[in-house]
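The values are calculated or read from the model by the stated rules, or taken from the named source; none is laboratory data. A quick note: this is a predicted structure, and the numbers were derived from the prediction, not measured. Note: ideal-geometry Cβ built from the backbone for every residue, glycine included; neighbour counts use all protein chains shown.
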Amino acid sequence: MWFTEYHSPSTGITFRMKRTLFAGQSPFQRVAVVETEDFGRMLILDGTVQTTEKDEFVYHEMLVHVPLCAHPRPRRVLVVGGGDGGCLREVLRHPGVEEATLCEIDAMVVDCCRRFLPAISDGAFDDPRARVRIEDGVKLVRRSRRAFDVIIVDSTDPVAMSSPLTRLSFFRAAREALAPGGLYAAQSQGPLFEARGMRRIAGAIRKAFPRVDFYLAGVPTYPGGVWSFALAAAGGKTPAARPPRPLPPGVETRYYSAEVHRAAFALPPYVREIIR
Ligand code: AG3
């Protein structure tokens, strides 16, 4: 039994699977958790790989610790999407965080990940600082004012219900939802197969936020294996130029470090060209 995600009509990534643990159709998408031979359990939404037990640490550590360590004192954090709980888990490793809200549109993703992928959230859903809302993140962000120190968008590819999350109107609302000095971080697709999407996201986010920098990490199971993230601020120093605070004592990471944080903002010329 094999599963292939196609990155284009002619290229894909293929996994041999041991078994399917869950397969369902929610009001928003097809949801599946499978057990692969090489990458452990894997969450697939509408046929696209979202996370695997083997390489999830790269994406979740980089989407969370880069903004949280670039912010001087993050206390209230919002994760939009991220129903698998991987980002929530990393946010809660910062003891200074008083409240972490996860706003996921699709209850089926949260339910099936809690059941079949518990290693990803690793208890985060039961943390007293965690609030889980099953709601469209666009709506929550629109009615929030100066409410969050950091907003993290952990979405699927910008199609269907995720496409509003990369629109200018959403970026503007996110800016209003940030407390003074707040930071906005989002996954922003891969430069190899999604260059046009990246360019479009970069254009829109820069219209809403005067300070935006992009950074990269290697996520082997995502299209092209190289993934980009945007970090944006309403003012102050450009995010890439902020020296990261050290991780809280005792927090051990496998990909993120202060050195990797700084280096991740070094973009190869072909990526600069995309977001220019
Ligand atoms: N969300 C971003 C995954 C994008 C992958 N795209 C693809 N495979 N075509 C990941 C969610 C993890 N919490």
Considering (1) touching a residue at least 24 places away in the same chain (Cβ under 8 Å); (2) out of contact with any strand residue (DSSP E or B) (no Cβ under 7 Å at 6 or more places or on another chain); (3) within 14 Å of the ligand (Cβ to nearest atom), say which one A185 fails and leave the rest.
(2)
Which one of these is in contact with a strand residue (DSSP E or B) (Cβ under 7 Å, 6 or more places away or on another chain), buried (at least 19 other Cβ atoms within 10 Å of the Cβ) and within 27 Å of T52 (Cα to Cα): P239, P191?
P191
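Run down G197, G218 and say which single residue is surrounded by fewer than 22 Cβ atoms within 10 Å (Cβ to Cβ), at pLDDT 95 or above and within 18 Å of the chain's Cα centre (by Cα).
Among G197, G218, only G218 is surrounded by fewer than 22 Cβ atoms within 10 Å (Cβ to Cβ), at pLDDT 95 or above and within 18 Å of the chain's Cα centre (by Cα).
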Lone unmet requirement of (1) touching a helix residue (DSSP H, G or I) at 6+ places or on another chain (Cβ under 9 Å); (2) more than 16 Å from the ligand (Cβ to nearest atom); (3) at negative phi for P180:
(1)
So, of the residues in the stretch 1-57 that are over 24 Å from S121 (Cα atoms) and among the β-branched types (V, I, T), which turns out to be surrounded by the most Cβ atoms within 10 Å (Cβ to Cβ)?
I13
Any residue that is surrounded by fewer than 22 Cβ atoms within 10 Å (Cβ to Cβ), in contact (Cβ under 8 Å) with a residue 24 or more places away in the chain, within 16 Å of the ligand (Cβ to nearest atom) and in a loop (DSSP other than H, G, I, E, B) - is there at least one of those in the stretch 59-77?
no
Taking the stretch 145-174 and keeping residues in a loop (DSSP other than H, G, I, E, B), aliphatic (A, V, I, L, M), within 16 Å of the ligand (Cβ to nearest atom) and modelled with pLDDT of 95 or more leaves none
Enumeration of residues in the stretch 20-53 that are in contact (Cβ under 8 Å) with a residue 40 or more places away in the chain, charged (D, E, K, R), over 19 Å from S188 (Cα atoms) and part of a loop (DSSP other than H, G, I, E, B)
E53
All but one of (1) modelled with pLDDT under 95; (2) over 23 Å from G83 (Cα atoms); (3) crowded, with 19+ Cβ neighbours inside 10 Å hold for A234, so report the exception by its number.
(3)
Matching residues in the stretch 191-213 - criterion: being farther than 17 Å from F265 by Cβ and within 16 Å of the ligand (Cβ to nearest atom)
L192, F193, E194, A195, R196, G197, R200
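Condition check ((1) assigned to a helix (DSSP H, G or I); (2) under 17 Å from the mean Cα position of the chain (by Cα); (3) not hydrophobic (A, V, I, L, M, F, W, C)) across all residues:
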position	(1), (2), (3)
P95	no, no, yes
T101	no, yes, yes
D111	yes, no, yes
R115	yes, no, yes
L140	yes, no, no
